[in-house]
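S.K.: One structure, pasted below without further comment.
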Amino acid sequence: MKEIGGYLEMDTSNRQVYHTNALALNSGRHCLEYLFMAKDIKKLYIPDYMCYTAGRICEKYQCEYAYYPIQENFLPDLCVELKDNEYVYIVNYYGQLSNDILLQLVHSYGNVIVDNVQAFFQTPLDGIDTIYNCRKFFGVSDGAYLYTTSKIQNELDIDFSYDRIRFVLGRYEKDASSFFHEASHNNTIFDNQPVKRMSKLTENMLKNISYNEVKEKREHNFAFLHRHLKEMNKLTLVTPEGPFMYPFYVKNGMRLREKLIDKKIYIPRFWDDVFHIAQPNSTAWQFTENIVPLPCDQRYGEEEMSYIINQILIETK
């Protein structure tokens, strides 16, 4: 018999999550690990513009892997005929690879795993293993979605997230810097976690999001930034569905990043592992050094976007 009465907990939402037909798991890396558990993957080709995570998962499952370079349009620079049970891991960087482009890659390679971690609102291709991440788009401490036709037999445990949600709640009432180390630590927790189903707390929080509003705000902010910065940006961009961040590719991007952080415009730097994976002066190397990912999410509007633009103009004179 469950408990009845006592103090009240969070109310349960009866609304739907965005990815209703996907498998809800605890993190993006565990989505990839699930595929290793469900499929007989013998070799994985991984882009050189990402972290070590995929490689570590390959090593865990004793799978051969190789890195391939990417081009400045974020497409793979890879010519290979795959053998049985070999796969190409495709990262949809900043949502710049449309489904038409992804479909062409599927036709070229055959066995493809699509990483839509930076493209939460992009519809998955039918029958193609596709990974999504919740933490990069919403204020939750865990959560990811996996579309796949491959299933494992054993039942997965449900994750618990009540003891790692403090940094999300803390920033809502205070500031980001007070909880930065907790947020950073949360990113490492999943390294030593098994594959689990998404926590009930995270699922409930995700049911309370107005997804259409989030999508529209992100698209508006991205388009606003691009309208003012496209002449300075070395990338040719399209506005994706519900963008992740605005990739601003400029000379001395690392210096600009530090200047913006001094102005409390917090700019992440993705995948320092690239400096150990990719060749010096490769596209991946240059992207890691010089792409400045500008925030354009649902918390902000034109006032904040204008402030970002003005600071960039001051620092790049």
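The values are calculated or read from the model by the stated rules, or taken from the named source; none is laboratory data. Just so we're clear, the structure is a prediction, and the values are computed from it rather than from any experiment. Positions of Cβ are generated from backbone atoms using ideal geometry, with glycine treated the same way; all protein chains shown enter the neighbour counts. All accessible areas refer to the heavy atoms of the entire protein, side chains included, with ligands and DNA or RNA removed. Shrake-Rupley method; radii C 1.70, N 1.55, O 1.52, S 1.80 Å.
S.K.: In nm, what is the difference between 0.36 nm times the number of residues separating His107 and Glu64 and their Cα-Cα distance?
M.R.: Gain on extension, His107 to Glu64, equals 13.2 nm.
S.K.: Rolling a 1.4 Å sphere over the protein heavy atoms, what is the accessible area per residue of the chain, to the nearest Å²?
M.R.: Ligands and nucleic acids excluded, the figure is 53 Å² per residue.
S.K.: Same structure, new question: Bins of 5 Å, beginning at zero and ending with the bin holding the largest distance: percent of Cα pairs per bin for the stretch 1-57, please.
M.R.: 4, 11, 16, 15, 12, 11, 9, 8, 7, 4, 2
S.K.: List every DSSP H helix in the chain whose Cα atoms extend 30 Å or more along the helix's own long axis and whose mean Kyte-Doolittle hydropathy is at least 1.6.
M.R.: Both cut-offs are met by no helix.
S.K.: Taking a spot 7 Å from the Cα of Ile189 along the direction of its beta carbon, which residues of the stretch 4-37 have an amide N less than 16 Å from it?
M.R.: Counting backbone N atoms under 16 Å from the label point, the list is 25-30.
S.K.: Determine the sum of side-chain charges near Pro47: Lys and Arg each +1, Asp and Glu each -1, restricted to other residues whose C-beta is under 11 angstrom from that of Pro47.
M.R.: Residues close to Pro47 contribute a combined charge of -3.
S.K.: If you build a Gaussian network model of the chain, linking Cα atoms that sit under 10 Å apart, which residue out of Glu33, Glu241, Glu59 swings the most?
M.R.: Of the options given, Glu59 has the highest mean-square fluctuation.
S.K.: Over the stretch 43-96, what is the relative contact order in percent, taking alpha-carbon pairs closer than 8 angstrom and at least six residues apart?
M.R.: Relative contact order here is 44 percent.
S.K.: On to the next question. For the stretch 98-170, just run the numbers: alpha carbon Rg, then divide by 2.2 N^0.38 Å, N being how many residues it has.
M.R.: So the Cα radius of gyration is 1.37 times the expected 2.2 N^0.38 Å.
S.K.: Right, here's the next one. With all protein chains present, how much of the accessible area of the chain (probe radius 1.4 Å) comes from carbon and sulfur, to the nearest whole percent?
M.R.: So the carbon and sulfur contribution to the accessible surface is 47 percent.
S.K.: At what distance in nm do the modelled label points of Ser98 and His276 sit from each other, each positioned 7 Å from its Cα along Cα→Cβ?
M.R.: Between Ser98 and His276, the label points sit 3.9 nm apart.
S.K.: The stretch 155-222: which GluC sites (Glu not before Pro) are DSSP loop and have at most 13 other beta-carbon atoms within 10 angstrom?
M.R.: Sparse-neighbourhood loop GluC sites (Glu not before Pro): Glu155.
S.K.: Note down the relative contact order for the stretch 195-317 as a percent, whole number, built from C-alpha pairs under 8 angstrom at least six residues apart.
M.R.: Relative contact order for the stretch 195-317 comes out at 33 percent.
S.K.: Same structure, new question: What number comes out for the charge environment of Pro295, summing +1 per Lys or Arg and -1 per Asp or Glu over other residues with Cβ under 11 Å away?
M.R.: Residues close to Pro295 contribute a combined charge of 0.
S.K.: Top mean-square fluctuation among Asn73, Asn252, Asn14, Gaussian network model of the chain, C-alpha springs under 10 Å?
M.R.: Highest fluctuation among the options: Asn14.
S.K.: What's the extension gain from Met37 to Asn85 if we count 0.36 nm per residue and subtract their Cα-Cα distance?
M.R.: Going from the current span to full extension adds 16.0 nm.
S.K.: What is the count of Lys pairs in the stretch 1-149 whose alpha carbons sit under 26 Å apart, if the two are 8 or more places apart or on different chains?
M.R.: Within the stretch 1-149, the lysine pair count is 8.
S.K.: Which of rounded, prolate, oblate describes the chain, given a ≥ b ≥ c as roots of the alpha-carbon gyration tensor eigenvalues and a/c under 1.5 marking rounded, otherwise prolate only if a/b is larger than b/c?
M.R.: Oblate shape, in that a/c is at least 1.5 and b/c is the bigger or equal ratio.
S.K.: Here's something else I'd like to know. Pairs of alpha-carbon atoms within less than 8 angstrom and 6+ residues apart define the contacts here; what relative contact order does the chain have, in percent?
M.R.: So the answer I get is 20 percent.
S.K.: Roughly what would the spin-label model give for Glu303 and Ser178, points 7 Å off Cα along C-beta, in nm?
M.R.: 2.1 nm
S.K.: Highest GNM mean-square fluctuation, the chain, Cα pairs closer than 10 Å: which of Asp157, Asp40, Asp11?
M.R.: It is Asp11.
S.K.: Taking the stretch 148-225, which trypsin sites (Lys or Arg not before Pro) meet the DSSP loop condition and have no more than 12 other C-beta atoms within 10 Å?
M.R.: Lys151, Lys174
S.K.: Could you give the length gained on full extension between Thr316 and Lys263, defined as 0.36 nm per residue of separation minus the Cα-Cα distance, in nm?
M.R.: Fully extending the segment from Thr316 to Lys263 adds 17.6 nm.
S.K.: What nm distance separates the two modelled labels at Arg227 and Asn212, each placed 7 Å from Cα along Cα→Cβ?
M.R.: 2.3 nm
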